[in-house]
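Shown next, in structure tokens, is the structure this report addresses.
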Amino acid sequence: MIEVLEHLSDPAETLKEIRRVLKPGGSLYLTTPNRLWPLEQHGVRLGNRRWPSYALPGITWIKPLHKRVSNFGAFSRRK
């Protein structure tokens, strides 16, 4: 699951299903965007236009703006 989890409507449920079907001793390779990376890899949506990640570095990680300019989830260490 490379850069997929943040696009799911219910990531926790998806991970439960993966655990259910994964072979005993099997491995899951999973990556998500890194908030410490200054450029959002998905780009930024403002109005009806999508901007490339380098146009507005760091803007998607500002919490109040995240849901307004992004169409993906964000994860942190906090539960």
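The values are calculated or read from the model by the stated rules, or taken from the named source; none is laboratory data. All values derive from a computational prediction rather than experimental measurement. All Cβ positions, even for glycine, are placed from backbone atoms using ideal geometry, and neighbour counts span all protein chains on display.
From the residues in the range 34-65 that are modelled with pLDDT of 75 or more and not in a strand (DSSP E or B), which one is surrounded by the most Cβ atoms within 10 Å (Cβ to Cβ)? Ranking the qualifying residues of the range 34-65, first place goes to 52. With the requirement that a residue be at pLDDT below 95 and part of a helix (DSSP H, G or I), what does the range 1-13 give you? Result: 5, 6, 7, 11, 12. Is it the case that residue 28 is in a loop (DSSP other than H, G, I, E, B), modelled with pLDDT under 80 and surrounded by fewer than 10 Cβ atoms within 10 Å (Cβ to Cβ)? Answer is no for this residue.
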